[in-house]
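Data first, discussion second: the structure below is written as structure tokens.
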Amino acid sequence: MKRALPFGLRSENLLSLGALVVLFVLSAIASPYFLQVQNLLNILKQVSYSGIIGLGMAFVIIGGGIDLSVGSMTAFIGAIAILVVNALGGGASAIAAAWGAALAIGILAGFFNGILITKGRVAPFIVTLGTMAMFRSLTLYIGNAGQFVSQSDLYGNMGMSSVLGIPTVVWVFFVLAFLLSGLLNRTRYGRYTCAVGSNEKVARYSAISVDWIRLFTYVLTGAMVAVTGVMLSSRLNSMNSSNGAVNFEMDAIAAVVIGGTPMTGGRGTIWGVVIGAIILGMINNMLNMLSVSAYLQGTVKGLVIIAAVFIQRGSAKAARA
């Protein structure tokens, strides 16, 4: 049995931590601007949006599923939040209503994904591929393939706010990571999620409600998408219907995998997702500082994901040996 480390980390996260340290040193050597406080805060801010989604995605993947719809869902929820704010006058009550609407839509969207997977017995990849197209299509239709723009300065200020000099979205990311780490490591639900992802048949024989456990992972992810949708649209004070939150599903899945969670499910850590998200952010930051074309950054990200999967497989074989 692998010994637990502080903050809910496990021994499989040591490789990710090592990669983070090495990357940090290399980035500091590569550019004199890397260690500037504003640059480090910018990295954390950039990764927090997809990282929040990754926190929910970790539960889905640990439970043996996948969710490809989160990017399109983010754009859809962000667009609805802006419409609510504009319709209600843009004041504090309008922003509260936008938060409520976003969370309700996110939870319902996650429930829709989950119920099709658990009760409809359709593969998660197929369901969420379909809903990815649906949410993007609805966003394009409602916005007439244009831009949703907030008319509220207060809404925009919320997205650009900071606490003690640290952007609010970063605080939200780490607070949610702390709470969800507790949910995964210290509750029956967290243990059951790992059991379902490890061996569904054994979990059923152990009287675990597999469908309910798996359904809730998608509902939880929908809630995390709602948080990102509001935070992202308020930061931009707008949401583009065609490319808003594009590739967020890739970033979220990458953060989970790089953080040490295998795609086969059954185990993983929330703080590993945080580490994975920061690694991705540092890679993008270093590529920008080295003036590498933005069009090649997706190639690098894809190679990192593939490498992480190969390393995990090698580690698993070594552990069995």
| field | Hits in region 133-174 - residues which are among the aliphatic types (A, V, I, L, M) and either touching an Asp or Glu at 6+ places or on another chain (Cβ under 7 Å) or within 23 Å of residue 39 (Cβ to Cβ) (or both) | value | 160, 163, 164, 166, 169, 170, 172
| said: Checking the conditions here, which among 72, 93 is of a type in the set (Gly, Ala, Ser), in a helix (DSSP H, G or I) and free of Cβ contacts under 8 Å to residues at least 40 places away in the same chain? | reply: 93
| Which number in (1) touching a Ser or Thr at 6+ places or on another chain (Cβ under 9 Å); (2) in a helix (DSSP H, G or I) marks the one condition that residue 104 misses? | (1)
| field | Criterion (under 20 Å from residue 228 (Cβ atoms), hydrophobic (A, V, I, L, M, F, W, C) and out of contact with any strand residue (DSSP E or B) (no Cβ under 7 Å at 6 or more places or on another chain)) met by exactly one of 145, 96 | value | 96
| query | Does residue 84 satisfy being more than 26 Å from residue 183 (Cβ to Cβ) and in contact with a helix residue (DSSP H, G or I) (Cβ under 7 Å, 6 or more places away or on another chain)? | reply | yes
| Those residues of region 51-100 which are crowded, with 24+ Cβ neighbours inside 10 Å and polar (S, T, N, Q), in sequence order | 69, 72, 74
| said: If residue 90 meets every condition in (1) under 24 Å from residue 156 (Cβ atoms); (2) of a type outside the set (Phe, Trp, Tyr); (3) modelled with pLDDT of 95 or more apart from one, which number is that one? | reply: (3)
| note | Across region 25-53, the tally of residues that are part of a helix (DSSP H, G or I), of a type outside the set (Ser, Thr, Tyr) and within 30 Å of residue 233 (Cα to Cα) stands at 14
| Can you tell me how many residues in region 4-59 are of a type in the set (Ser, Thr, Tyr) and modelled with pLDDT of 95 or more? | 3
| task | Could you identify the single residue in 279, 306, 311 that is under 20 Å from residue 17 (Cβ atoms) and either without any contact (Cβ under 8 Å) to a residue 12 or more places away in the chain or crowded, with 20+ Cβ neighbours inside 10 Å (or both)? | result | 279
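The values are calculated or read from the model by the stated rules, or taken from the named source; none is laboratory data. Predicted, not measured: the structure shown is a model, and the values here were computed from it. Heads up, the Cβs are rebuilt from the backbone with ideal geometry, glycines too, and the neighbour counts pull from every protein chain shown.
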